[in-house]
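Have a look at the structure below before the remarks.
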Amino acid sequence: LYALNKEDGSITWKANRTSRAKKNFSFCTPLVIPAGNSFQIISPASDWCFSYDLNGREIWKSNYRGGYSVVPRPIYYEGLVYVSSGYDHPTLYAIATDGVGEVTKKKVRWRTAKAVPRNSSPVIVNGLLFMVSDVGVVSCLDARTGALKWMERVAGSTSASLIHAGGMIYLTDEEGSTYVFKAKPSFELMATNILNERTLASGMAYGNTLVLRTEVALYRIGKDSKANK
């Protein structure tokens with residue numbers, strides 16, 4: 001793990017992971033979260049999720065044996081981080097962030113292996129965790145307990161992460177269809193919009209518009225867009 005000086009790109013520090021994972025490659029973006037009067041850097045990797053302080057010292061680590069090629073970004077809510085263990089058999093873990101050292105047995109609050117994504121990052125809205133599996137099955141869970149609120153097959157194969165905006169969840173699948181449903185404890189589909197272009201990239205909210213990148217074009221969709229491609 002490297003920390004870079006944002007002004008000139010020089011390396012401020014680097015930290016070697018305390019792991020001997022057999023498949024030692026992952027692609028997860030770290031997440032900086034509050035920790036008392038300071039911060040933690042949450043960095044899921046192969047076999048382990050790690051936490052570091054701002055000087056690169058390891059604070060804690062939690063094990064998911066055999067997990068590798070981790071893609072979904074961790075998310076944080078009220079003292080818990082949520083991470084997917086990646087390939088080949090993804091499991092979602094809710095881990096309390098107040099531990100020190102090896103915390104697998106002490107700080108994992110709940111876990112589930114049902115319809116967990118290998119690629120798409122989840123979102124949390126008002127205490128509800130939403131995630132979409134690689135085959136387009138959406139789950140809504142209580143973020144504190146892991147209790148399932150609902151599960152529906154909404155889309156086709158999905159790689160893109162979910163977006164929350166204006167009380168809605170936006171899900172774009174690999175065929176270029178975007179499904180819009182309420183961020184509520186019961187499923188209510190509000191709209192379906194079809195581009196018919198292969199889409200792997202996550203969308204982006206910009207002002208009152210939605211930005212989508214397909215394999216052939218970049219779209220900005222909304223009331224104040226000019227529909228330029």
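The values are calculated or read from the model by the stated rules, or taken from the named source; none is laboratory data. Just so it is clear, the structure is predicted and the values come from calculations on it, not from any experiment. Counting neighbours? That spans all protein chains shown, and the Cβs are built from the backbone with ideal geometry, glycine included. Just so you know, the surface numbers come from the protein's heavy atoms only, side chains and all, with ligands and any DNA or RNA stripped out. Shrake-Rupley method; radii C 1.70, N 1.55, O 1.52, S 1.80 Å.
Here are the numbers:
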{"read-out": "Contacts under 7 angstrom Cβ, first residue in segment 136-154 being of a type outside the set (Gly, Ala, Ser), partner surrounded by 19 or more Cβ atoms within 10 Å (Cβ to Cβ) and not in a strand (DSSP E or B), 6 or more apart", "value": "Val137/Ala115; Val138/Val154; Met151/Ala115; Arg153/Gly136; Val154/Gly136"}
{"read-out": "Members of segment 93-110 found to be open to solvent by less than 20 Å² (accessible area, probe 1.4 Å), in a strand (DSSP E or B) and under 10 Å from Ser62 (Cβ atoms), listed by number", "value": "Ile95, Ala96"}
{"read-out": "Meets criteria (farther than 21 Å from Gly86 by Cβ, touching a residue at least 40 places away in the same chain (Cβ under 8 Å) and within 19 Å of the chain's Cα centre (by Cα)) for Phe187", "value": "no"}
{"read-out": "Segment 78-91 residues that are at positive phi and of a type outside the set (Asp, Glu), paired with ones that are in a strand (DSSP E or B) and open to solvent by 10 Å² or more (accessible area, probe 1.4 Å) (beta carbon under 8 Å, 6 or more apart)", "value": "Gly86/Tyr68"}
{"read-out": "Residue within segment 36-51 that is more than 19 Å from Thr91 (Cβ to Cβ), β-branched (Val, Ile, Thr) and free of Cβ contacts under 8 Å to residues at least 60 places away in the same chain present", "value": "yes"}
{"read-out": "Subset of segment 177-219 (residues that are part of a strand (DSSP E or B), modelled with pLDDT under 95 and open to solvent by 90 Å² or more (accessible area, probe 1.4 Å))", "value": "Met204, Tyr206"}
{"read-out": "Per-region count, segment 146-167, residues among the aliphatic types (A, V, I, L, M) and modelled with pLDDT under 95", "value": "1"}
{"read-out": "Number of positions in segment 146-177 that are over 17 Å from the mean Cα position of the chain (by Cα) and β-branched (Val, Ile, Thr)", "value": "1"}
{"read-out": "Candidate set from segment 92-138 (those that are touching a Lys or Arg at 6+ places or on another chain (Cβ under 7 Å) and of a type in the set (Ser, Thr, Tyr)); member that is nearest to Glu78 (Cα to Cα)", "value": "Tyr93"}
{"read-out": "Candidates Ala113, Ala143, filtered to the one that is modelled with pLDDT of 95 or more, surrounded by fewer than 21 Cβ atoms within 10 Å (Cβ to Cβ) and among the aliphatic types (A, V, I, L, M)", "value": "Ala113"}
{"read-out": "Among (1) farther than 17 Å from Pro122 by Cα; (2) buried (at least 18 other Cβ atoms within 10 Å of the Cβ); (3) of a type in the set (Gly, Ala, Ser) - the single one Ser19 does not satisfy", "value": "(2)"}
